[in-house]
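All remarks here apply to the structure that follows.
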Amino acid sequence: MTAIGHLRDIPLMGVASVLVDAAAAGFRADAPEWINLGQGQPESGALPGAPERVKQVDLDPGDCTYGPVNGIPELRAAVADHYNRTYRSGAARKYTAENIAIVQGGRLALNRVLAALGECTIGYRFPDYAGYSDMLGTHLARLSPVPIPTRADNGFVLDETALDDLVTRCGGSVLLMSNPCNPTGSVLAGEALRRLVDKAKATGCTLLIDEFYSHYHYAPGPDGAWGPAELPVSAAAHVADPETDQVLLIDGLTKNFRYPGWRLGWVVGPVGFIAALDRVGAVLDGGASRVAQRAALDVLAPDHAARETLAVRREFARKRDTAVTALREMGVRVDVEPAGTFYVWGRLDELPEAIADGDAFFRAALRHRVVTIPGRVFDVNPGGRRHGPSAYASWARFSFGPEHARLVEGLERLRRMISEHR
């Protein structure tokens with residue numbers, strides 16, 4: 001690319017670069033002949049048992065003006081109430097509106113948080129959300145990222161032992177992670193999540209937990225068959241005091257409530273940190289759309305939110321079973337059962353050699369008009385400081401975000417593609 005003036009080189013984020021290659025092969029998101037098993041958004045239509053989709057909004061006269069940088073007070077209170085109802089019904093200290101910042105989408109919420117940090121060591125695990133590479137890389141002048149690899153034989157879980165090691169070895173003061181994890185589907189829940197929160201408090205480490213898939217939570221039943229977990233998962237359930245526990249949660253309507261196009265996210269945390277995000281937002285983005293915020297009040301109404309949350313777990317548990325079963329039958333290894341998200345993290349190295357790595361598999365799938373995501377994309381590496389081949393070259397992420405019928409058709413196309421290579 002020819003340089004233009006003083007522009008710096010801005011590479012495409014991992015998944016975006018893959019979709020550029022897919023587009024060059026003819027892929028279009030609205031093309032019915034293509035099936036996107038790489039998509040990072042859930043189906044957004046009607047689900048069995050879910051409330052009707054919110055399709056219109058009544059605006060107050062003031063909604064045509066600039067809004068508060070951290071969001072309108074009504075929505076901040078509604079988000080706090082949602083957390084208190086869902087995760088903290090028995091907690092002595094509740095979240096309030098002052099513990100909430102409303103932001104125009106999840107990426108911007110994460111960038112606001114990182115922009116608010118002073119000079120510190122920040123641990124990140126891999127594999128994890130591909131966007132962390134560029135987000136952390138933007139702040140290398142202040143942040144010193146420390147990689148923490150996770151292993152398949154440990155379920156790709158980052159527990160309190162890894163946090164203790166980070167603090168001991170590096171003086172780590174911040175830990176960034178997604179939970180449930182994109183792409184592996186691993187989940188830290190229950191007592192294991194409580195121990196992580198307690199360990200962070202004991203060591204003075206600030207937790208930045210990306211919970212954008214918190215409603216997509218599954219568990220095995222007594223017979224071993226997987227289904228919807230009883231509840232969503234969030235570290236909010238284990239925060240003793242929202243003001244003294246340095247735990248920040250990033251979430252929104254994008255995945256959990258299936259409104260990705262609204263670009264509405266939030267940060268939950270101590271009042272002092274939320275106030276800092278207000279100052280950062282005044283410079284960085286100016287605040288979220290008042291229109292989307294007004295509509296979000298209907299989505300977060302108690303009965304509406306509870307029905308949506310349950311319907312998501314039930315329907316996506318069904319699609320999870322469809323995807324895991326089909327992929328295993330066609331020879332993709334699923335070493336770790338996905339307990340969260342709407343992704344399957346699969347190994348390809350037992351497939352025919354021509355399609356045994358993520359990029360080769362991706363290119364072959366394009367010829368069948370199916371999109372997948374190569375595993376290397378999730379090898380988080382801010383600033384490209386780790387060299388050599390990716391540890392996840394033989395992995396791929398498969399999404400069961402599409403409608404069930406589309407998912408089944410996409411998996412059948414992959415089965416035929418693999419059969420052609422045997």
Run down Leu117, Leu110, Leu143 and say which single residue is open to solvent by less than 40 Å² (accessible area, probe 1.4 Å) and farther than 24 Å from Ala288 by Cβ. Leu143
Only one of (1) touching a His at 6+ places or on another chain (Cβ under 9 Å); (2) exposed (fewer than 11 other Cβ atoms within 10 Å of the Cβ) fails for Gly90. Which number is that? (1)
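Each row is one residue, and each column tells you yes or no for (1) on the phi < 0 side of the Ramachandran plot; (2) in contact with a helix residue (DSSP H, G or I) (Cβ under 9 Å, 6 or more places away or on another chain).
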{"site": "Gly171", "(1), (2)": "no, no"}
{"site": "Asn179", "(1), (2)": "yes, yes"}
{"site": "Thr184", "(1), (2)": "yes, yes"}
{"site": "Leu193", "(1), (2)": "yes, yes"}
{"site": "Gly204", "(1), (2)": "no, yes"}
{"site": "Tyr213", "(1), (2)": "yes, no"}
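Which one is most open to solvent (accessible area, probe 1.4 Å), of the residues in the range 342-384 that are among the small types (Gly, Ala, Ser) and on the phi < 0 side of the Ramachandran plot? Can you show your working first?
First, the residues of the range 342-384 that are among the small types (Gly, Ala, Ser): 346, 354, 356, 358, 360, 364-365, 375, 383-384.
From what is left, the residues that are on the phi < 0 side of the Ramachandran plot are 346, 354, 356, 358, 360, 364-365, 375.
Working: Gly346: 0, Ala354: 68, Ala356: 21, Gly358: 1, Ala360: 13, Ala364: 3, Ala365: 0, Gly375: 1 Å².
Only one residue tops the list, namely Ala354.
Is it the case that some residue within the range 72-82 is β-branched (Val, Ile, Thr), under 26 Å from Ala240 (Cβ atoms) and modelled with pLDDT of 95 or more? Before you say what the answer is, go through the steps one by one.
Filtering the range 72-82 down to residues β-branched (Val, Ile, Thr) leaves 72, 79.
Still in the running and under 26 Å from Ala240 (Cβ atoms): 79.
From what is left, the residues that are modelled with pLDDT of 95 or more are 79.
There is at least one residue in the range 72-82 that is β-branched (Val, Ile, Thr), under 26 Å from Ala240 (Cβ atoms) and modelled with pLDDT of 95 or more.
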Filter the range 204-222 down to residues that are surrounded by fewer than 17 Cβ atoms within 10 Å (Cβ to Cβ) and under 15 Å from Val174 (Cβ atoms), then give me how many there are. 1
Please count how many residues of the range 1-39 are part of a loop (DSSP other than H, G, I, E, B), touching a residue at least 60 places away in the same chain (Cβ under 8 Å) and open to solvent by 30 Å² or more (accessible area, probe 1.4 Å). 6
Pairs with Cβ under 9 Å, 6+ apart, first in the range 397-420 and over 20 Å from Arg314 (Cβ atoms) and open to solvent by 10 Å² or more (accessible area, probe 1.4 Å), second charged (D, E, K, R) and part of a loop (DSSP other than H, G, I, E, B): Arg413/Arg369
Can you tell me which residues in the range 135-162 are closer than 18 Å to Asp335 by Cβ and hydrophobic (A, V, I, L, M, F, W, C)? Ala152, Phe156, Val157, Leu158
Going through (1) at pLDDT below 85; (2) of a type outside the set (A, V, I, L, M); (3) under 25 Å from the mean Cα position of the chain (by Cα) one by one, Gln39 fails only at (1)
So which pairs qualify, if the first residue must be in the range 57-68 and touching a residue at least 24 places away in the same chain (Cβ under 8 Å), the second must be open to solvent by less than 80 Å² (accessible area, probe 1.4 Å) and part of a loop (DSSP other than H, G, I, E, B), the Cβ gap must be under 6 Å, and the two must be at least 6 apart or on different chains? Gly67/Gly287
Evaluate the range 231-239: report whether one residue or more is farther than 15 Å from Gly190 by Cα and either among the charged types (D, E, K, R) or modelled with pLDDT of 95 or more (or both). no
Assess whether Thr161 counts as being of a type in the set (S, T, N, Q), touching a helix residue (DSSP H, G or I) at 6+ places or on another chain (Cβ under 9 Å) and more than 24 Å from Gly14 (Cβ to Cβ). yes
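Starting from residues that are assigned to a strand (DSSP E or B) and within 23 Å of Ala405 (Cβ to Cβ), keep the ones in the range 333-354 and report whichever is farthest from the chain's Cα centre (by Cα).
Of the range 333-354, the ones assigned to a strand (DSSP E or B) are 333, 340, 343-347.
Right, trim to within 23 Å of Ala405 (Cβ to Cβ) and you get 343-344, 346.
Working: Tyr343: 10, Val344: 14, Gly346: 18 Å.
Ranking the qualifying residues of the range 333-354, first place goes to Gly346.
The values are calculated or read from the model by the stated rules, or taken from the named source; none is laboratory data. Note that the structure is predicted; figures quoted are calculated from it, not measured. Virtual Cβ from ideal backbone geometry, glycine too; neighbours counted across all protein chains shown. For the accessible areas, the whole protein counts, side chains as well, though only heavy atoms, and no ligand, DNA or RNA atoms are used. Shrake-Rupley method; radii C 1.70, N 1.55, O 1.52, S 1.80 Å.
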